[in-house]
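J.: Dumping the structure here so I can ask a few things about it.
Readers should treat all values here as calculations from the given coordinates under stated rules, not as data from a laboratory. Since we're looking at a predicted model, the values are computed, not measured. Quick reminder, even Gly has a Cβ in these numbers, built from the backbone with ideal geometry, and neighbours come from all protein chains shown.
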């Protein structure tokens, strides 16, 4: 477990999502990365039930329940800017029981699937973000294994990202923050994914060329 | 102050009277108790009497504050009563207390007046007056008015001996001359049987005439002699008073009283009395007899008598009673003895014929049993403990009936027997051994089959218990072996494991063979014979055999816990880390590492490797220690080891210089495949399992130790170290490690000693002398000045073997001290 940076790769002009992904993976393969199966991150949105809201004008907070194939036995529940709960996969069953408090937003399921590449100490995951039947964008996750302190290896990560993302290299993720010598954890990765998914959801009205 | 309780049916008469009089000696008051002086119930000529039944009732309380007129307290009371009741005379008695103040009171003189007292004045003169201080308790008795015109307070009375005075309903006063009518009645005519809680009394019906007569007749003791006529008469007299109906008038009583008090006047008085009473009796007897005879007036009833004990000879009686009680005791004892013998015989019977059912019950306590058809089957497999071995492990319980009833029952006879499957009979064990590889592969698979004597059954545990335990052990050994052979086939290793017959052969290290074999000997003769021939148990590795059993049980536990144990719905029941893997977000690699499980064979091979490596290391160190004496080598083994790791501390020292030379301390961590050596300064060297490596390493360390020792010694002796090198790049090349060297100079700089020590070449010691001490040195043309002669000259080698001293460091010390300048 190391430090992870999740970013969005814009779809190249005049190409479909699929083609852009292929372009990226080819780049990685050329670099010498080894293909290591697939990965999947999914996210479901819940909003607090109207009955539990106290007074008018108070808007319900959104809760995101996420799974990551990298952590196959865990389930993550996050609030925006709020706490992150890590639990067993049995948490999903619990959510069904909590229908009275949290209601699943309709057609809110968003997920990213793709291939997992190992390149020395780096773990690269390039995935297609889909919401319902439609592909919405491309996610790129890069993990640097040997380090757990984000500020110590961010420049290394940046350099690696530049090598295959070129001009689309993202800035430092917000979760890295100003914290020094704070141990990076799985929850931070999930927060990055949540932010990415929210960003893509907002973009949905913008027509993306070449939707499958 | 008379206080008298009169005699009644239930109570004896008590006289609790006090009398107070003026002490003639000092004129003070003398209070005495009447009963202390006299024991009768007589009274003086004058008395104020108040009689009551002693029962609670209504009283009148009067409070008086002070005197208001000429009349005294009692007179006022009398007048008040008189005013209320008029002509009716009312008597009153009780107590009053004078709480405060003084009282003028009179006390009669001890003697009555000799002359008549005609006026009050005379009376007052005769009386003595005293002033008395409060508090005073007074007991007044008075009557509201005189029933007759004249009278005084004093009422002389002759009290009857028995009977109770009624409350002063009627009071009489007499002047002492005239007789006054006094009515006296019995306290109660009927005897009180019981007093109810509400105070009502139930009375006994008065006895009828005949009953009363019978009772009285019963009281008469006819056996008494005739000399007690008088007493009898008195008794009869007393009895007569008990007759309720007997109208004994007051006059009669008075008369009798007079008679009683009369002294005997003439000598024939007693004779007359006796004669009179005899006559009376005779008359009475005659009357009675005539009445009885006529049967007109009275019939005789049999008198119910208290059954007097039959008058027997007291001795015979004693004997009889003793005999009777003894017989009773004997009977009890006999009954107890009978019961005891019965229980003893029952016990013996139970012991002899332990019946089948009780044995079955005991069997049931230890083994699983079930009934199939008309058979009782048991289960000796470890399936319930988590075993997955497919052997059914069933035994059958049978009744042991082949017993000759006529013959004596053998001691170890058991009515219950178990029949175990034939393949589980006998005894079995797993044998693990490590051998140097046998050159001949042909004899593989012939494993020593020797029979261990069956473990003797514990005293008290039945025959079938040992039998079943042995069978269970065979089953477990078979399971272990089956598991091992399955793994041996599955696991891919560089040198494949060989499974032949009942043996598994593996090669943990080259030229080394680990063999695990299942030795199962049935009870037939052939194998026993075979066993006696070949018995070489010295190459057993009992530790590994034991560990195999532990491992299979752990394996059982794992399967049991993962499959069968109840677990919470939220998490799998298993390892704690496994449970936490979800909430702590373990990634794939971590979960994989948790799930990887080694097989039985892999574990046991690892353990065997470790054991082998450890024993070989110990042997290497020991052989070095015994071979090389000069630097000594010591090994301290730790007592507690892991199955895969143990450690030893190796110290290299010189004898006699342990305190100075402590440079070499090594910690050897012996693992499964390799030995890690941790130096004192933290250097870590990893050695392989080859023993030569360890030996070479230790040799080089020992040679370095010598040079280190010289350095330490120089420090102590005050010599200067000129140069020091652990690894010298000059001189002959050593086959093992490197030579090390040191050069030290004497304190004044004249001499220098150079030491070179190699693990193989040994030590070489050279001494450098000042030039002026070298005679054979040719005169140099360059160094003319004498001052140059103080320079050190060439080296000369010391014949180290010829040096005195028991070891290297000691020799060096001698050499140094020889070369040091004499301080004198």
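J.: Under the definition of partner shielding as Cβ atoms of other protein chains within 10 Å of a residue Cβ, what is the mean value for peptide A:71-78? Write out the running numbers ahead of the final one.
T.: Details: counts 9, 6, 15, 7, 3, 1, 0, 0.
For this peptide, the per-residue mean of nearby foreign Cβ atoms is 5.
J.: May I pose another question? Kindly express, to the nearest 10 degrees and within the range 0 to 90, the angle between helix A:150-165's C-alpha long axis and the longest C-alpha principal axis of chain A.
T.: With both axes taken from Cα atoms, the answer is about 60 degrees.
J.: Order the peptides B:727-740, B:112-125 from the highest to the lowest mean number of other Cβ atoms within 10 Å of their residues. Intermediate results must be reported in sequence, preceding the final value.
T.: Working: B:727-740: 14.9, B:112-125: 9.9.
Order by mean packing, descending: B:727-740, B:112-125.
J.: I'd like to know how segment B:606-734 sits against the 2.2 N^0.38 Å rule of thumb: what's its Cα Rg over that expected value?
T.: Values: Rg = 16.1 Å, N = 129, 2.2 N^0.38 = 13.9 Å.
Working it through for segment B:606-734, the quotient is 1.15.
J.: Using a Gaussian network model on chain A with a 10 Å cutoff between Cα atoms, which of A:20, A:130, A:89 fluctuates the most?
T.: Its mean-square fluctuation being the largest, the pick is A:89.
J.: Can you pull the three principal axis extents for the Cα set of segment B:15-70, in Å, largest first?
T.: 38, 34, 19 Å, listed from the longest principal axis down.
J.: If you don't mind, another one. Given the Cα atoms of segment A:1-123, and with Rh set as the inverse mean 1/r over their pairs in the Kirkwood sense, what is Rg to Rh to two decimals?
T.: Details: Rg = 18.4 Å, Rh = 17.2 Å.
Ratio of gyration radius to Kirkwood radius for segment A:1-123: 1.07.
J.: Here's something else I'd like to know. Counting only Cα atoms, I'd like the Rg/Rh figure for segment B:327-377, Kirkwood definition for Rh. Could you put the intermediate results ahead of the total?
T.: On the way: Rg = 19.5 Å, Rh = 14.2 Å.
My calculation puts Rg/Rh at 1.37.
J.: Of the candidates A:161, A:98, A:28, which one comes out as most mobile in a Gaussian network treatment of chain A with C-alpha springs shorter than 10 Å?
T.: It is A:98.
J.: Quick check on segment B:1-152: take the gyration tensor over C-alpha atoms, sort the square-rooted eigenvalues as a ≥ b ≥ c, and tell me if it's rounded (a/c under 1.5), prolate or oblate. Before the final figure, lay out the partial values.
T.: Numbers: a/c = 1.39, a/b = 1.05, b/c = 1.32.
It is rounded, given that a/c, with a ≥ b ≥ c, falls under 1.5.
J.: With each pseudo-label sitting 7 Å past Cα toward Cβ, what's the residue B:385-residue B:638 distance in nm, one decimal?
T.: For residue B:385 paired with residue B:638, the spin-label model returns 3.1 nm.
J.: For segment B:680-755 and segment A:1-47, what is the separation of their Cα centres, given in Å?
T.: Their Cα centres are 61 Å away from one another.
J.: Using the scaling law 2.2 N^0.38 Å as the reference, what is the normalised Cα Rg of chain A? Don't skip to the answer; put the middle values down first.
T.: On the way: Rg = 17.8 Å, N = 212, 2.2 N^0.38 = 16.8 Å.
For chain A, the normalised Cα radius of gyration comes out at 1.06.
J.: May I pose another question? So what's the gap between the Cα centers of segment A:98-113 and segment B:370-395, to the nearest angstrom?
T.: Cα centres, segment A:98-113 to segment B:370-395: 52 Å.
J.: Oh, and also: Among B:293, A:136, what is the fewest-to-most ranking by other Cβ atoms within 10 Å?
T.: Values: B:293 8, A:136 22.
Ascending Cβ contact count within 10 Å gives the list B:293, A:136.
J.: Let me ask you something else. Restricting things to Cα coordinates, could you compute the convex hull volume per residue of segment A:91-170 in Å³? Provide the component values of the computation, followed by the final result.
T.: Numbers: hull volume 12.8 nm³, N = 80.
Enclosed volume per residue, from the Cα hull, is 160 Å³.
J.: Could you tell me what a quarter of the Cα convex hull surface of segment A:133-205 works out to, in nm² with one decimal place? Before the final figure, lay out each step's value.
T.: Details: hull surface 23.7 nm².
Spelled out: convex hull of the Cα atoms, projected over all directions, averaged, 5.9 nm².
J.: For segment B:473-521, count all C-alpha to C-alpha pairs, find those more than 13 Å apart, and express that count as a whole percent of the total.
T.: On the way: 647 of 1176 pairs.
Value for segment B:473-521 (Cα pairs over 13 Å): 55 percent.
J.: While we're on this one: For a quick check, take a GNM of chain A with Cα springs below 10 Å and name the residue from A:147, A:40, A:120 with the largest mean-square fluctuation.
T.: For chain A, modelled as a Gaussian network with Cα springs under 10 Å, the answer is A:120.
J.: Using a 10 Å cut-off on Cβ atoms, rank the peptides B:682-690, A:187-195, B:598-606, B:802-810 from the highest mean neighbour count down. Before the final figure, lay out each step's value.
T.: Values: B:682-690: 13.0, A:187-195: 22.3, B:598-606: 19.9, B:802-810: 15.2.
Final packing ranking: A:187-195, B:598-606, B:802-810, B:682-690.
J.: Here is a further query. Among B:396, A:34, rank each residue by its count of other Cβ atoms within 10 Å, from fewest to most, as a rough exposure measure.
T.: Values: B:396 14, A:34 11.
Final ranking by Cβ density, sparse to dense: A:34, B:396.
J.: Here is a follow-up. Alpha carbon centre of segment B:14-93 versus segment B:461-508: separation in Å?
T.: 122
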